[in-house]
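Read through the structure below, which is laid out as structure tokens, and then see the notes.
The values are calculated or read from the model by the stated rules, or taken from the named source; none is laboratory data. Small disclaimer: the values here were computed from a predicted structure and weren't measured. Please note: Cβ atoms are built from the backbone with ideal geometry, for glycine as well, and neighbour counts cover all protein chains shown. For the accessible areas, the whole protein counts, side chains as well, though only heavy atoms, and no ligand, DNA or RNA atoms are used. Shrake-Rupley method; radii C 1.70, N 1.55, O 1.52, S 1.80 Å.
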Amino acid sequence: QVQLVESGGGLVQPGGSLRLSCVASGKIFDINVMGWYRQAPGQQRDLVGSITGINTTVYPDSMKGRFTISRDIAKGTTWLQINNLKVEDTALYLCNALTLQGIYWGQGTQVTVSE
């Protein structure tokens, strides 16, 4: 079992930056890939990016440029740096962890971008 807790969200003005954290506990060394997703109200959950156990990152084309994922495997922690935030980045940001036993999700942290 793996438990995930996200933090770092909040209210920020357009153009600002945020660094979100996702801390895993439990069988953290069973984690292979960790991913970040976001979901706006009434919208589907979209992949922001993912990072493997050897720190290889993958981002969809729509997320390249302003989003950076990093990871400390020993601490079971991943971070999502978001720069030049836009109103359309407003969403619940969630992380997940992929293990051989299954996929685990956190509860998410809310990011709101507004004047």
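Taking K and R as +1 and D and E as -1, what net charge do the other residues with C-beta under 15 Å from the C-beta of ALA91 add up to?
Combined, the nearby Lys, Arg, Asp and Glu give 0.
Which lysines does LYS27 reach when only Cα atoms under 17 Å apart count, and residues fewer than 8 places away in its own chain are ignored?
LYS75
Can you give the FRET efficiency to the nearest 0.05 for ALA74 and GLU115, using r as the Cβ-Cβ distance and R₀ = 41 Å?
0.55
Heavy-atom accessible area per residue, the chain, 1.4 Å probe: how many Å²?
Spelled out: the 1.4 Å probe surface of the chain, per residue, equals 53 Å².
What is the percent carbon and sulfur in the accessible area of the chain, measuring with a 1.4 Å probe over the protein chains and ignoring ligands?
52 percent
Of the listed peptides 23-35, 97-109, what is their order by residue-averaged count of other C-beta atoms within 10 Å, with the highest listed first?
Top of the packing list down: 23-35, 97-109.
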